[in-house]
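The next block holds one structure in the form of structure tokens; read it before the comments.
The values are calculated or read from the model by the stated rules, or taken from the named source; none is laboratory data. Computed from a prediction, not measured in an experiment: that's the story for all the values here. Methodologically, a virtual Cβ is constructed for each residue, glycine included, from the backbone with ideal geometry; neighbour enumeration extends over all protein chains shown. Note: areas computed on protein heavy atoms with side chains; ligands, DNA, RNA excluded. Shrake-Rupley method; radii C 1.70, N 1.55, O 1.52, S 1.80 Å.
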Amino acid sequence: MTSTARPTDQPRQDDGYFGPGSISWQLYSDPSAKLGGMAALLLQALNPGMMRLFSHVSTAGQDAAARGERTGQYIDTTIFGDRAHADAAARSVRGMHKHANWQDPVGGQTLRAETEDWMDWTHNTLVFAVLRAAEAYGPRLTAQQQDQFVVEQHISAGLVGIDPDRLPATYAELEQYIDGQKDWLALCLPAAEVSRSLRQPSLRGNPVKVWTGIVIQDGILFLLPDWALLLYGVAGRPMSLRGAARTTKAMMAAARRNRPYEDVITALTTKVDTHPYRKVRNRA
């Protein structure tokens, strides 16, 4: 008689593409990485071509929270999952990119998610913003560790089909790349819509929660280059942003003290093992 039982789940096969000794594990397990991820999304939104394509081919903009959760799940899987799950997550994303195309009915131009420059921009903004968040809010890294993180993330780039040879190999090169893009970036209407709450936060609700939310939002804006603040229309708030950054740094330090690194790693690896971006093994 042939068994119809589903195969049981196996233990983790390996520590993934990065592992316990990596700077990637150190940074992505830190609370500051969440703020860096939000800052990266703001930088990515300043690419008008990407945002135009996104507005036509995706419904995720209707639920930004769900999109953010999905992106976070993907990053957690590729950083903390074993290689089989990381590969499965990357295949899923590559498949979505392949089919994310839109033809302008007026000019006839076809916009493609797989455009190399756009993929480079998406990758580089995330690496840059996570490092900026670590600089501003911890954990402290040496220059060598910053460069190591840049190179480690070439693996993440390769997983989604980006040629690492096109990417910066040091943090200094990455900063130069980011600043070198500012002449063609712009705040288009879709970007203005998705960033509305950060630029004009709501003051309704519990006063403590409202204050905390605004401080964190300004702490995210603090991570952006000056020219990005100008594009978003918040360049006139430097004192406010610096004050928010000081408070945000204290909040991040408190969060770090309240949850030891080992506990965070255990929680992240367990979460990825049980709820990966894409399953490759079934539970009994």
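Side notes on the structure shown:
- Using heavy atoms of the protein chains and a probe of 1.4 Å, the accessible area assigned to MET38 is about 80 Å².
- Model label sites at LYS279 and ASN206, defined 7 Å from Cα along the beta-carbon direction, differ in position by 3.5 nm.
- The structure-derived value of Cα extents along the principal axes in Å appears in the list (i) 69, 56, 27; (ii) 58, 51, 35; (iii) 73, 55, 43 under the label (iii).
- Accessible area of HIS99 (1.4 Å probe, protein heavy atoms only, ligands and nucleic acids ignored): about 150 Å².
- Shape call, region 109-167: gyration tensor on alpha carbons, a/c limit 1.5: prolate
- Shown is the FRET efficiency for GLN13 and ALA267, computed with R0 = 25 Å from the Cβ-Cβ distance and rounded to the nearest 0.05: 0.80.
- Here THR212 sits with roughly 50 square angstrom of accessible surface, probe radius 1.4 Å.
- Tensor-based shape of region 97-246 (alpha-carbon gyration tensor, a/c under 1.5 rounded, otherwise prolate or oblate): oblate
- Across the accessible surface of region 121-255, with the other protein chains kept in place and a 1.4 Å probe, carbon and sulfur atoms take up 56 percent.
- Helical contribution to [θ] at 222 nm, DSSP H n ≥ 4, -39,500 (n - 2.57), averaged over the chain, rounded to 500: -20000 deg cm²/dmol
- Full-stretch length increase - ALA192, HIS99 - with 0.36 nm per residue and alpha-carbon distance subtracted: 30.9 nm
- Candidate membrane-span-like segments in the chain, meaning DSSP H helices with Cα atoms spread over at least 27 Å of their own axis and a Kyte-Doolittle mean of -1.0 or above, are 116-137, 238-258, with no membrane implied.
- Listed pairs LYS209/LYS271; LYS34/LYS271; LYS209/LYS249 exceeding 19 Å between Cα atoms: LYS209/LYS271
- Across the options LEU111, SER58, VAL130, the greatest Cα extent toward the positive end of the charge dipole of the chain (unit charges at beta carbon of Lys, Arg, Asp, Glu) belongs to SER58.
- Size of charge dipole - the chain - debye, nearest 20, with Cβ of Lys, Arg +1 and Asp, Glu -1, no other charges: 1140
- Per residue value of the accessible surface for region 117-234 (all protein chains in place, 1.4 Å probe), Å²: 49
- Set of aspartates and glutamates with alpha-carbon distance to LYS182 below 17 Å, sequence-local pairs under 8 removed: ASP117, ASP120, GLU173, ASP226
- Rg(Cα) / (2.2 N^0.38 Å) computed for region 182-284, rounded to two decimals: 1.45
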